[in-house]
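To start, the structure itself, in structure tokens.
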Amino acid sequence: MSKLKQAAAPEQALVVGRITSVYGVKGWVKLYSHTEPMQGIFDYPRWWLKTPSGWKVVEFSQGRLQGRGLVASVKGYTDRDQVKEICGLDIYIDAKELPALEDGDYYWSQLEGLRVMTKEGVLLGKVSQLMETGANDVIVVRACEGSFDREERLIPYVPDTYVLKIDLEQQLMEVDWDPEF
């Protein structure tokens with residue numbers, strides 16, 4: 001019998017991880033977390049899961065670091081056969097649950113999809129993702145309709161040097177970047 005409760009979709013669905021597989025015999029699961037630090041996924045006790053039959057909500061009762069990964073116990077699941085129904089599903093939260101940031105700080109999810117324009121007004125494309133490289137994060141900019149060319153660009157995310165302005169309302173990021181590079 002399914003333990004999943006039918007639920008309305010989160011207002012602003014944001015993927016924070018994935019239930020990867022069964023862990024042990026008591027209904028625990030292995031998790032992959034997109035949060036930084038990875039244990040941050042446990043800051044959100046209610047998870048939305050998008051199943052073929054719609055959105056469902058589960059809550060975890062315990063979670064911990066296990067080796068180099070994470071494991072969690074999900075409320076209502078007490079054996080490995082029950083928990084198989086949620087393995088392979090992405091874990092979503094409502095972005096409204098994220099803590100507020102200081103001015104000038106952004107969540108990566110807020111930057112993805114922004115149009116990227118040079119200070120001279122040349123459209124380079126849209127932010128498709130960000131990458132962590134150690135020295136600084138890098139913005140991956142992919143061509144979009146109306147962009148300068150069809151090239152993919154990697155631009156260091158260095159505010160006030162390469163990233164000059166971010167306007168979330170206009171969905172625009174202004175950069176100091178040579179379109180030929």
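The values are calculated or read from the model by the stated rules, or taken from the named source; none is laboratory data. Computed from a prediction, not measured in an experiment: that's the story for all the values here. Neighbour counts are summed over all protein chains in view; Cβ atoms, including those assigned to glycine, are modelled from backbone coordinates with ideal geometry.
Observations, loosely collected:
- Checking G113, G125, G121, G88 one by one, the residue that is modelled with pLDDT of 95 or more, in the same structural domain as E11 (by TED's automatic domain parsing) and small (G, A, S) is G88 and no other.
- Just one of the listed residues (Q82, Q170) is assigned by TED's automatic domain parsing to the domain that holds I19 and surrounded by fewer than 17 Cβ atoms within 10 Å (Cβ to Cβ), and it is Q82.
- Screening the range 17-40 for residues that are among the aliphatic types (A, V, I, L, M) and modelled with pLDDT under 95 and picking the one that is surrounded by the most Cβ atoms within 10 Å (Cβ to Cβ) gives M38.
- Looking only at residues in the range 130-151 that are within 26 Å of A95 (Cβ to Cβ) and modelled with pLDDT under 95, the one that is nearest to the chain's Cα centre (by Cα) is L130.
- Listed here are the strands (runs of 3 or more DSSP E) enclosed by the range 119-170 that have at least 1 residues being touching a residue at least 40 places away in the same chain (Cβ under 8 Å): 123-132, 163-167.
- Residue match in the range 44-61 (condition: free of Cβ contacts under 8 Å to residues at least 60 places away in the same chain, closer than 17 Å to W108 by Cβ and outside the structural domain of M131 (by TED's automatic domain parsing)): yes
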